Amino acid sequence: MNRSALICLMILMLLGSCSRQKTGNTVIKGRMQDAGCRMQDAGCRMQDAGCRMILLQELLLEGSANLDSVVPDAKGDFLFRLKPAETGLYILRLPKLAPLVLELHPGDSVFVSGSFLSFPADVIITGSQASKDLQAFFKASAVNKSGFDSLENILITHQDDPDFAALTLKLDESLKPIWEKQRELEINYLNSHPVSLTSLLVLNHSLSLSPVLTFDLDSVYFLRLDSSLGKAFPGNQHAGFHHKRIIRARQLQQSKEGSG
């Protein structure tokens, strides 16, 4: 095979690969506004495609895997097509901003609209109710976290004060309702989404590095989610990992009871 024929063959193979990446029965499309302002805030040049890139990733048990990336057009429109074998959790990322988590079932068509200036806080999601509700959960949790962290920072900065013990008792009274509010937020979500992989993210959500729900105190939610996800998504990596955690938690619980 001569050099020209080899080059043509490589080009055809590359085009075929790109074509396969752009096909699939599952679609994520949307529009991002304020592209020009975002580029300036991010310290990027408008002609720098990397600053306008939206990255699609799949959330794995450990980390995430890059699947595709697109640069929105002049209107801010973008489109991803994929062909997932099963229901999964996916991430949209923009430069220097927090990620947006989406639950996608094979055949879903999800539309995401928002702004480069406020992504993902003010994103509007249609076509995936669980993804929409998860985003609302994260937004409400951020408010609780901000209040909780502020009070904890007061304790840290005054830990050498002579009246630190009294201050601790006073701030504990203020921390408790925030903790209870977050706990109620998580329980309400779990009750409303018993057959959603997003509930795993909520179940493992933490406030100030401490899990709000634990197996020892809240096993009913762990066990119920294990049962419902195992039936709805047999073989799913996230459901399977949660099931293994339940087994380990039960073994540890039995061990504690036996040694007691």
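The table for this structure:
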item: Qualifying residue in region 147-166 (condition: polar (S, T, N, Q), under 26 Å from Leu200 (Cβ atoms) and modelled with pLDDT under 95); result: no
item: Total residues in region 92-104, condition at pLDDT below 90 and buried (at least 20 other Cβ atoms within 10 Å of the Cβ); result: 1
item: Lone qualifier among Pro162, Pro194 - being loosely packed, with under 15 Cβ neighbours inside 10 Å and either touching a Leu at 6+ places or on another chain (Cβ under 9 Å) or of a type in the set (Phe, Trp, Tyr) (or both); result: Pro194
item: Residue match in region 105-113 (condition: farther than 30 Å from Phe241 by Cα and either surrounded by 11 or more Cβ atoms within 10 Å (Cβ to Cβ) or modelled with pLDDT of 95 or more (or both)); result: yes
item: Single condition Val195 does not satisfy, out of (1) over 18 Å from the mean Cα position of the chain (by Cα); (2) more than 23 Å from Glu62 (Cβ to Cβ); (3) not polar (S, T, N, Q); result: (1)
item: Spans of helices (runs of 4 or more DSSP H) in region 164-260 with at least 2 residues more than 18 Å from Ser141 (Cβ to Cβ) and either touching a residue at least 24 places away in the same chain (Cβ under 8 Å) or among the aliphatic types (A, V, I, L, M) (or both); result: 164-192, 215-232, 237-259
item: Of residues in region 79-103 being touching a Gly at 6+ places or on another chain (Cβ under 6 Å) and assigned to a strand (DSSP E or B), the one farthest from Met53 (Cα to Cα); result: Leu82
item: The lone exception for Gln182 - which of (1) of a type in the set (S, T, N, Q); (2) at pLDDT 80 or above; (3) farther than 15 Å from Pro211 by Cα it fails; result: (3)
item: Condition met for Leu201 (aliphatic (A, V, I, L, M) and surrounded by 15 or more Cβ atoms within 10 Å (Cβ to Cβ)); result: yes
item: Exclusive hit being exposed (fewer than 15 other Cβ atoms within 10 Å of the Cβ) and either closer than 28 Å to Phe241 by Cα or of a type in the set (A, V, I, L, M) (or both), set Glu180, Glu186, Glu173; result: Glu180
item: In region 65-78, residue farthest from Thr26 (Cα to Cα) [restricted to those that are of a type in the set (D, E, K, R) and part of a strand (DSSP E or B)]; result: Asp77
item: First in region 79-91 and free of Cβ contacts under 8 Å to residues at least 40 places away in the same chain, second anywhere and among the hydroxyl-bearing types (Ser, Thr, Tyr) and surrounded by fewer than 20 Cβ atoms within 10 Å (Cβ to Cβ), Cβ under 8 Å, 6 or more apart; result: Ile91/Ser64
item: Any chance Val143 is in the same structural domain as His205 (by TED's automatic domain parsing), of a type in the set (Val, Ile, Thr) and farther than 29 Å from Ala232 by Cα; result: yes
item: Any hit, region 41-55, residues being at pLDDT 90 or above, loosely packed, with under 13 Cβ neighbours inside 10 Å, on the phi < 0 side of the Ramachandran plot and not β-branched (Val, Ile, Thr); result: no
item: Qualifying positions in region 115-139 - part of a strand (DSSP E or B) and either farther than 18 Å from Phe78 by Cα or in contact with an Asp or Glu (Cβ under 6 Å, 6 or more places away or on another chain) (or both); result: Ser115
item: Qualifying residue in region 18-36 (condition: at pLDDT 95 or above, of a type in the set (A, V, I, L, M, F, W, C), closer than 30 Å to Pro106 by Cα and within 22 Å of the chain's Cα centre (by Cα)); result: yes
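The values are calculated or read from the model by the stated rules, or taken from the named source; none is laboratory data. All of these numbers come straight from a predicted model, not from anything done at the bench. As a convention, Cβ positions derive from the backbone with ideal geometry for all residues, glycine included, and neighbour counts pool all protein chains shown.
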